[in-house]
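What follows is one structure encoded as structure tokens, with my remarks underneath.
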Amino acid sequence: METFSGLFMKPVRQSNGHLAWDVALYGMLAAVIEVSKLALSYLPNVELVTFWIIMFTLYFGLRTVYPVFAFILIEICIYGINTWVIMYFYIWPLLVLIVYLARKADSVWFYSILSGFFGLFYGAVCSIPYIFIGAMDGGIGSGLLLAFNWWVAGLRFDIVHGIANFALMLVLYAPVKKIFSRIPLPSWSREGKK
């Protein structure tokens with residue numbers, strides 16, 4: 001019997017264990033993201049979530065969205081539901097898509113700059129739901145003003161976020177990439193790698 005273990009994967013047979021392997025892998029990747037986020041949670045806007053999502057996307061391709069969604073669900077279980085949930089459901093998959101489209105770039109500088117800009121503009125992209133929230137009461141102008149004010153209020157944190165993302169990627173990219181290249185995974189587990 002064939003089943004799909006992911007939207008971007010070919011059908012696999014359940015009897016060969018691929019489905020169980022994929023579920024275990026996605027769970028471990030989500031755990032790495034969550035544990036690293038919690039480990040650095042005492043530092044405002046210094047996080048390894050961006051780093052891991054970039055690295056996992058480079059190694060596993062678009063299937064990285066599965067551990068990303070698992071990470072978001074874990075975050076909801078820990079922190080509850082608020083407007084940040086809406087933001088997480090589009091900002092982290094957006095990062096997966098951006099990295100996937102740029103995956104041919106093989107440069108620590110490219111991914112450090114991408115990571116830095118992602119952190120710098122994180123608040124601007126996250127302000128999008130406030131356009132709709134503000135527009136419900138006072139029209140689109142009110143919504144744009146609310147989103148702009150929300151973004152500007154957190155701009156100093158975005159600057160720290162961008163600098164931290166840049167520095168973390170610059171330091172960790174090469175050693176983690178080297179470790180990833182040594183992990184003996186079956187060819188069907190990595191997108192585009194044989």
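The values are calculated or read from the model by the stated rules, or taken from the named source; none is laboratory data. Keep in mind the model is a prediction, meaning the values are calculated, not measured. Note: ideal-geometry Cβ built from the backbone for every residue, glycine included; neighbour counts use all protein chains shown. Heads up: the accessible areas ignore ligands, DNA and RNA and are worked out on the full protein's heavy atoms, side chains in. Shrake-Rupley method; radii C 1.70, N 1.55, O 1.52, S 1.80 Å.
Please determine, by comparing only the residues of region 174-194 that are at pLDDT 90 or above and open to solvent by 80 Å² or more (accessible area, probe 1.4 Å), which one is nearest to residue 111 (Cα to Cα). Ranking the qualifying residues of region 174-194, first place goes to 178.
Looking at 58, 94, 40, 48, can you tell me which residue is of a type outside the set (Gly, Ala, Ser) and loosely packed, with under 14 Cβ neighbours inside 10 Å? Full working, then the answer.
On the way: 58 fails: loosely packed, with under 14 Cβ neighbours inside 10 Å; 40 fails: loosely packed, with under 14 Cβ neighbours inside 10 Å; 48 fails: loosely packed, with under 14 Cβ neighbours inside 10 Å.
Just one listed residue meets the conditions, 94.
With the requirement that a residue be surrounded by fewer than 16 Cβ atoms within 10 Å (Cβ to Cβ) and either modelled with pLDDT of 90 or more or under 25 Å from residue 76 (Cα atoms) (or both), what does region 9-31 give you?
First, the residues of region 9-31 that are surrounded by fewer than 16 Cβ atoms within 10 Å (Cβ to Cβ): 10-11, 13-17, 20, 23-24, 27-28, 31.
Hits for region 9-31 are 20, 23, 24, 27, 28, 31.
Beta carbons closer than 7 Å, at least 6 apart along the sequence or on distinct chains, pair a first residue in region 61-82 that is buried (at least 16 other Cβ atoms within 10 Å of the Cβ) with a second that is acidic (Asp, Glu) and modelled with pLDDT under 95 for 61/191; 62/191; 63/191.
Here is a list: 113, 86. Which entry is surrounded by fewer than 22 Cβ atoms within 10 Å (Cβ to Cβ), modelled with pLDDT of 95 or more and either out of contact with any strand residue (DSSP E or B) (no Cβ under 9 Å at 6 or more places or on another chain) or under 19 Å from residue 161 (Cβ atoms) (or both)? Steps first, please.
Working: 86 fails: modelled with pLDDT of 95 or more.
Criteria check complete, one pass: 113.
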